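Here is the structure we will look at, set down as structure tokens.
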Ligand SMILES: Cc1cc2nc3c(=O)[nH]c(=O)nc-3n(C[C@H](O)[C@H](O)[C@H](O)COP(=O)(O)OP(=O)(O)OC[C@H]3O[C@@H](n4cnc5c(N)ncnc54)[C@H](O)[C@@H]3O)c2cc1C
């Protein structure tokens, strides 16, 4: 550790995940003296237990599906099965490479990295490894962990969280997934591709319930076709062990049995016992409350990432961390428009969106002021080549900007970059229609949807 007791950092950051390390890198770049305290591994959930490992598993699943289904493209292959140890090696190699890169980045920016479990000890200090680390400002970025329900004990073997699912040494024969949100449907998708018999149990009426209803319905149709089972609209009641697995009972008495139960009902903030309340930080159900500049009620303390009640996404953590660093360095900052944050669920098929849903637009602008348009990927050459189906749905304020883009289809997550420019630049359909999209790409589907919304459809039926 490079500091001594008299050092006062400009910024002391507790937690080295997406939010914490982004703040550290940007603050150091802006000339601030930064200490970054992490008890586990730099990179946090996203790199080690979240975004990156899940996408590696999903990609392995995609390869398995392609091997199984290659004949429809005229390619003969034999699918022999999943070597889960090799899948983990591939996944771990990806993580290791990124981890090394990130460690190098933090070192090269001259951030003082401190390994250890820290605790907020005053509005301007964190105690770690028996030392007090002083700062002019403290950033709380301790992230989140998987949640469970009362009476549902995660044992790490038969009743597991996403952390366990990512290192499971076998492909389960059958699995019940409690929760049909992003994490639940991503594991459902990957496991089904690996050969698991999957059932999702979701208490709300739809899978990915925070998405546009049209996207949920398209995903449900695609999952049904893939043989992924789901039970919607009834809440979980209890789980018990059977001779070789778990039995889940729902509130209506329906039961499901499987080898493993993955609890994917969301993640809760890591804030207990860390001194936050003692130092007067305002909190709500464990979340640290912040204003739109990520300031807590204590003037020397900010908070970002999954610890605060905003969207639990790595890129939101990055953006919030950067905002704090820039604010502390005296740069002009603007609040984040959370509706403008792109959201991707990386199952097969993918679900991607930016902006607001049709229902929310009607609430905000009035039903008669909202126009929607659906473009079916059946009219898109590249999607046909890939044999994927889905839709692009646009939500527009009548005679105004596009306020919602909702897409379903394999690889459609990659189109969210353009969609977010459309939303965040408040583009009019006619302006997007003016832009020429390369043929044949899936980006054309976005272009064609806007052509149609601008009143001049090309490859779509009026
Ligand atoms: C299975 C899964 C898949 C996901 N997929 C995606 C995805 O595809 N895209 C996406 O954008 N997001 C995804 N996420 C969400 C994303 O991982 C989180 O939003 C992001 O990691 C939040 O960053 P954070 O910095 O707030 O918290 P974290 O990444 O959780 O980091 C917090 C860090 O603080 C450390 N810490 C906690 N307490 C202390 C302490 N007392 N002292 C020192 N250190 C401490 C922890 O060890 C941890 O490293 C996924 C999450 C999961 C679980």
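Computed from the coordinates by the stated procedures, all read-outs in this text should not be read as laboratory data. Just so you know, these numbers come straight off a predicted model, no measurement behind them. Please note: Cβ atoms are built from the backbone with ideal geometry, for glycine as well, and neighbour counts cover all protein chains shown.
One table, with the values for the structure above:
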| quantity | calculated |
| --- | --- |
| Ascending count of other beta-carbon atoms within 10 Å, so fewest first, for 425, 191 | 425, 191 |
| Theoretical FRET efficiency, 1/(1+(r/R0)^6), r = Cβ-Cβ of residue 63 and residue 252, R0 60 Å, to 0.05 | 0.95 |
| Tensor-based shape of segment 279-349 (alpha-carbon gyration tensor, a/c under 1.5 rounded, otherwise prolate or oblate) | oblate |
| Percentage relative contact order, the chain, counting C-alpha pairs under 8 Å, at least six apart | 15 percent |
| For segment 1-109: relative contact order, % (alpha-carbon pairs under 8 angstrom, 6 or more apart) | 26 percent |
| Packing-based ranking, highest mean first, of 199-209, 316-326 given that Cβ atoms within 10 Å are counted | 316-326, 199-209 |
| Contour minus Cα-Cα distance for residue 80 and residue 241 (0.36 nm per residue) | 54.8 nm |
| Ordering of 265-278, 347-360 by packing [mean C-beta count within 10 Å, highest first] | 347-360, 265-278 |
| Anisotropy class of the chain from Cα gyration tensor, a/c 1.5 cut | oblate |
| With Cα atoms, 0 to 90° folded angle of helix 443-453 axis to the chain main axis | 70 degrees |
| Contact order relative to length of segment 1-52, as percent, for alpha carbon pairs under 8 angstrom and 6 or more apart | 39 percent |
| Whether segment 159-265 is rounded, prolate or oblate, judged on the alpha carbon gyration tensor where a/c under 1.5 counts as rounded | oblate |
| FRET E, pair residue 7, residue 436, Förster distance 51 Å, beta-carbon r, rounded to 0.05 | 0.35 |
| Order of 183, 82 under a 10 Å beta carbon neighbour criterion, fewest first | 82, 183 |
| Burial order of peptide ranges 132-140, 72-80, 20-28 (average beta-carbon count within 10 Å, highest first) | 20-28, 132-140, 72-80 |
| C-alpha center-to-center spacing [segment 292-309, segment 115-131] in angstrom | 18 Å |
| Cut-off 15 Å, label 7 Å out along Cα→Cβ of residue 147, residues of segment 254-282 by amide N | 263-272 |
| Relative exposure of 241, 287, 90, judged by other C-beta atoms within 10 Å (fewest first) | 241, 90, 287 |
| Estimated [θ] at 222 nm from DSSP helical runs (n ≥ 4, -39500 (n - 2.57)) normalised by residues in the chain, nearest 500 | -9500 deg cm²/dmol |
| Rounded to whole Å, sorted largest first: equivalent-ellipsoid semi-axes of segment 349-454, Cα gyration tensor | 22, 14, 11 |
